[in-house]
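As structure tokens, the structure follows; a few thoughts come after it.
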Amino acid sequence: AVAMRTTLPGRSMSVLSSSGVITRAEWGADESLRFDAQGTETWPPVYYPAQVLTVHHTATRNGDPDPAATVRAIYRYHAIDQGWGDIGYHFLIDEQGRVYEGRYSGEDGDPAHDAASGMVTAAHVGGWNSGNLGVALLGTLRTRQPTVAGSTPASR
């Protein structure tokens, strides 16, 4: 089981979805990256029951002044350069504890899930993806611990 604090006193909810997660639209996802030149979705969503959680780090800049731009760059790298058709994580968390929606899961407003509560398959652990929730902490954590806020998400 995973518990995430989704409110924090004194922070505005004005730019967040009802779930407390910064949506793809809010961080600026270019949804055209999910489609090939013919307009076919490169990797259509498929759903499975959630079974396990894998936490990654993105090996990107620590102290990032613009985490949303980093999320957009990761999305482009995964979708286009890697050929996955989308970002490979369900959620990304910045050093301030803000949670960003990752893999596209539909229009029902429930990030990472469909209306029947199935979890969308992402590409974060090749070959072991179905039922594996992927969370990525932004930054490089090889020689340092994550920030307190980044490791205990508190979406605005």
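A simple spin-label model places pseudo-atoms 7 Å from Cα toward Cβ; at Arg142 and Leu53 they are separated by 2.6 nm. Fraction of C-alpha pairs exceeding 22 angstrom in segment 28-156: 34 percent, rounded to a whole number.
We did not get these values from a lab; they are worked out from the coordinates using the rules stated. On a predicted model such as this, the values are computed, not experimentally measured, just so you know. Cβ coordinates were reconstructed from backbone atoms using ideal geometry, including for glycine residues, and neighbour counts include every protein chain displayed.
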